[in-house]
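A.B. asks: First the structure, then my questions, so here it is.
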Amino acid sequence: MTTAFDGFPVGRYTTRNRIVMAPMTRSRAYGPGATPTELMATYYGQRAGAGLIITEGTQPSPVGQGYMNTPGLHTAEQAEAWKPVTAAVHERGGLIFAQLMHTGRIGHPTLHGAHPVGASPVAAAGQVFTADGPLDLVTPEPLDADGITATIQDFVRSARNAIDAGFDGVELHGANGYLLHQFLSTNANRRDDEWGGTIEGRIRLTVEVAKAVAAEIGADRLGLRISPANPFNDIVEDDHRETYLALLDALAPLGLAYLHVGEGPDTEFTAMLRDRWAGAFILNPYTPGAWTGPEALKQIENGETDLVSYGALFLANPDLPERLAAGGPFNTPDYAKAYGGDHEGYTDYPALTSA
């Protein structure tokens, strides 16, 4: 019987198990120029027992930053600072992909001195936390043709930086209401040019970014995260089933390493995505009001997914695969220390052998 503790081919690699550490913003990139720190290397190294680690969202350009103290991968200095992180994971036999996250309209000029950009001049409802406290999200500057071309190249450059920094690959963040998701949506993207309007127009940016990054680093080192029908960050998708099936069809010829689905309220759609996608399939199950628990491993056993990604439990349990194999116990995440701060609530969660 297939279990979560078997390896699985993901692109050019084979994972040690099918338990994935989901990307989680932790806002602790305190190094100069939005660079990782030694503490971050400890954090990721502790979790190297995952079949695959996907890092916190990492901005591919200064204007792509949406939150305080998130790391970048758009300069040589940032790439160099990531090397101790990737080394810490590799020393323990792990695999690590960098998630490239351009937040688009989810951000604020006080974070980077530039005005946020987006698909259309449509502000998202809500606020973002800044050094000046919570501030309302602003209306983004719509990307023109030159801006779109430059943004695609930002992703390409950051992907190359990631490989130079020792990452095994990258994940494009096309979910949770950030830039690529904004172009996919029907409320944030109100364009009537080739980058909007029709389904083919709205999926185009994600497809072009994937093509360009795959050409730079290899499709077998590239994954994509999507979250169909997820309303997070004020996203509306009126035709999400048609949109995402078209997106998967357009991406199929590339042979990406994996598709990572952040499942939303339309859980019945997950099986359709699974059937449509020929490559490795990673599922972050829909668990409103709770976190993904041990019961999700059954979805691997019954073939609903190839791998399962865990967020909260990996935050609090550095040795999560070992704990899942043992049936627990599990540390409880301290969300009061999830964002920012020091080692507390970050690298001080005990492992099973020391609990």
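A.B. asks: Go through (1) at pLDDT 95 or above; (2) open to solvent by 10 Å² or more (accessible area, probe 1.4 Å); (3) touching an Asp or Glu at 6+ places or on another chain (Cβ under 8 Å) for TYR67 and report which single condition fails.
C.D. replies: Against the list (1) at pLDDT 95 or above; (2) open to solvent by 10 Å² or more (accessible area, probe 1.4 Å); (3) touching an Asp or Glu at 6+ places or on another chain (Cβ under 8 Å), TYR67 comes up short only on (3).
A.B. asks: Could you please let me know if GLN99 is within 24 Å of LYS337 (Cβ to Cβ) and either out of contact with any His (no Cβ under 8 Å at 6 or more places or on another chain) or touching a residue at least 60 places away in the same chain (Cβ under 8 Å) (or both)?
C.D. replies: Judged against the criteria, GLN99 is a match.
A.B. asks: Could you grab me the full set of residues in the stretch 26-52 that are touching a Phe, Trp or Tyr at 6+ places or on another chain (Cβ under 6 Å) and β-branched (Val, Ile, Thr)?
C.D. replies: THR37
A.B. asks: If you don't mind, there's one more thing I want to ask. Any idea which residue in the stretch 177-216 is most open to solvent (accessible area, probe 1.4 Å), counting only those that are of a type in the set (Asp, Glu) and closer than 15 Å to ALA145 by Cα?
C.D. replies: Per the criteria, the residue is ASP192.
A.B. asks: Residues of the stretch 28-54 being farther than 16 Å from PHE314 by Cα and out of contact with any strand residue (DSSP E or B) (no Cβ under 6 Å at 6 or more places or on another chain), which ones?
C.D. replies: Correct list: ARG28, ALA29, TYR30, GLY31, PRO32, GLY33, THR35, PRO36, GLU38, LEU39.
A.B. asks: What's the number of the only condition in (1) open to solvent by less than 30 Å² (accessible area, probe 1.4 Å); (2) part of a helix (DSSP H, G or I); (3) more than 25 Å from ASP6 (Cα to Cα) that LEU273 fails to meet?
C.D. replies: The number of the failed condition is (3).
A.B. asks: If I filter the stretch 132-176 down to residues being open to solvent by 10 Å² or more (accessible area, probe 1.4 Å) and touching a His at 6+ places or on another chain (Cβ under 6 Å), which single residue comes out as nearest to LEU247 (Cα to Cα)?
C.D. replies: GLU141
A.B. asks: Confirm whether ASP275 is under 27 Å from SER27 (Cα atoms) and either among the charged types (D, E, K, R) or touching a strand residue (DSSP E or B) at 6+ places or on another chain (Cβ under 9 Å) (or both).
C.D. replies: no
A.B. asks: When you go through GLY31, GLY45, GLY66, GLY72 one by one, which is the residue that is more than 30 Å from LEU135 (Cβ to Cβ) and of a type outside the set (A, V, I, L, M)?
C.D. replies: GLY45 is the lone residue from the list that is more than 30 Å from LEU135 (Cβ to Cβ) and of a type outside the set (A, V, I, L, M).
A.B. asks: Please name all residue pairs, on different chains or six or more residues apart, with Cβ atoms under 7 Å, provided the first residue is in the stretch 234-250 and is at pLDDT 95 or above and the second residue is among the hydroxyl-bearing types (Ser, Thr, Tyr) and assigned to a helix (DSSP H, G or I).
C.D. replies: Correct list of pairs: GLU237/THR243; LEU247/THR206.
A.B. asks: To continue, here is another question. Of all residues in the stretch 276-293, which are touching a Phe, Trp or Tyr at 6+ places or on another chain (Cβ under 9 Å) and assigned to a strand (DSSP E or B)?
C.D. replies: Passing the criteria: ALA280, PHE281, ILE282, ASN284.
A.B. asks: Quick check on the stretch 315-341: of everything there that is farther than 19 Å from GLY94 by Cα and over 23 Å from the mean Cα position of the chain (by Cα), which residue is most open to solvent (accessible area, probe 1.4 Å)?
C.D. replies: PRO329
Let's see how each residue does on (1) aromatic (Phe, Trp, Tyr); (2) touching a helix residue (DSSP H, G or I) at 6+ places or on another chain (Cβ under 7 Å):
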position: HIS74; (1), (2): no, yes
position: TRP82; (1), (2): yes, no
position: THR86; (1), (2): no, no
position: VAL89; (1), (2): no, yes
position: ALA98; (1), (2): no, yes
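A.B. asks: Sort out which residues of the stretch 72-118 are β-branched (Val, Ile, Thr) and either in a loop (DSSP other than H, G, I, E, B) or open to solvent by less than 10 Å² (accessible area, probe 1.4 Å) (or both), and write them in order of number.
C.D. replies: THR75, VAL85, THR86, VAL89, ILE96, THR103, ILE106 - these are the residues of the stretch 72-118 that are β-branched (Val, Ile, Thr) and either in a loop (DSSP other than H, G, I, E, B) or open to solvent by less than 10 Å² (accessible area, probe 1.4 Å) (or both).
The values are calculated or read from the model by the stated rules, or taken from the named source; none is laboratory data. Source: prediction; values computed, not measured. Here the Cβ is made from the backbone with ideal geometry for all residues, glycine too, and neighbour counts use every protein chain on show. What goes into the accessible areas is simple: the full protein's heavy atoms, side chains included, and nothing from ligands, DNA or RNA. Shrake-Rupley method; radii C 1.70, N 1.55, O 1.52, S 1.80 Å.
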